[in-house]
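> So that we are looking at the same thing, I have put the structure below in structure tokens.
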């Protein structure tokens, strides 16, 4: 029987609780999950291992915020999908970004990730 390869997701959030809860939910849904606490840390990891199918990032972080991180990923890793998490709805200037409004539940998180992973 062929083993199905788990899809890899990178979670980037400066709040440990959000990282841990998101990781737990996504691992339960069958994803392989890695964590970073900053945009800078995420970019370093992506430079070493660019095999993530999706990066789930918080918007409001010190240093490189989630929007800047997504723009960088789009340039350097165009095959990697992105999803922005935010406690407030993003403004019109980022209407091209896919986002998930916090707080979210398990079904919302997984369905949004599946939608992003299945989009062209």
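The values are calculated or read from the model by the stated rules, or taken from the named source; none is laboratory data. Please read all numbers here as calculations on a predicted model, not as lab measurements. Note that we place each Cβ from the backbone using ideal geometry, even for glycine, and neighbour counts take in every protein chain shown.
> Scan segment 77-107 residue by residue and report those that are modelled with pLDDT of 85 or more and surrounded by fewer than 13 Cβ atoms within 10 Å (Cβ to Cβ).
Answer for segment 77-107, where residues must be modelled with pLDDT of 85 or more and surrounded by fewer than 13 Cβ atoms within 10 Å (Cβ to Cβ): 78, 79, 103, 105, 107.
> Looking at segment 1-13, which of its residues are farther than 14 Å from residue 113 by Cβ and either surrounded by fewer than 18 Cβ atoms within 10 Å (Cβ to Cβ) or modelled with pLDDT under 95 (or both)?
1, 2, 3, 4, 5
> Here is a follow-up. Looking only at segment 21-33, which residues are under 15 Å from residue 104 (Cβ atoms) and part of a helix (DSSP H, G or I)?
If the condition is that a residue be under 15 Å from residue 104 (Cβ atoms) and part of a helix (DSSP H, G or I), then 21, 22, 23, 24, 25, 26, 28 are the ones that fit.
> Scan 110, 21 and give me the residue that is on the phi < 0 side of the Ramachandran plot and without any contact (Cβ under 8 Å) to a residue 24 or more places away in the chain.
Every option except 21 fails the conditions.
> Kindly list the number of the only condition in (1) modelled with pLDDT of 95 or more; (2) more than 12 Å from the chain's Cα centre (by Cα); (3) surrounded by 17 or more Cβ atoms within 10 Å (Cβ to Cβ) that fails for residue 61.
Single failed check for residue 61: (1).
> Tell me whether segment 34-49 contains one or more residues that are surrounded by fewer than 18 Cβ atoms within 10 Å (Cβ to Cβ), part of a helix (DSSP H, G or I) and in contact with a strand residue (DSSP E or B) (Cβ under 7 Å, 6 or more places away or on another chain).
yes
> Can we say residue 56 is buried (at least 19 other Cβ atoms within 10 Å of the Cβ), at pLDDT below 95 and either assigned to a loop (DSSP other than H, G, I, E, B) or within 10 Å of the chain's Cα centre (by Cα) (or both)?
no
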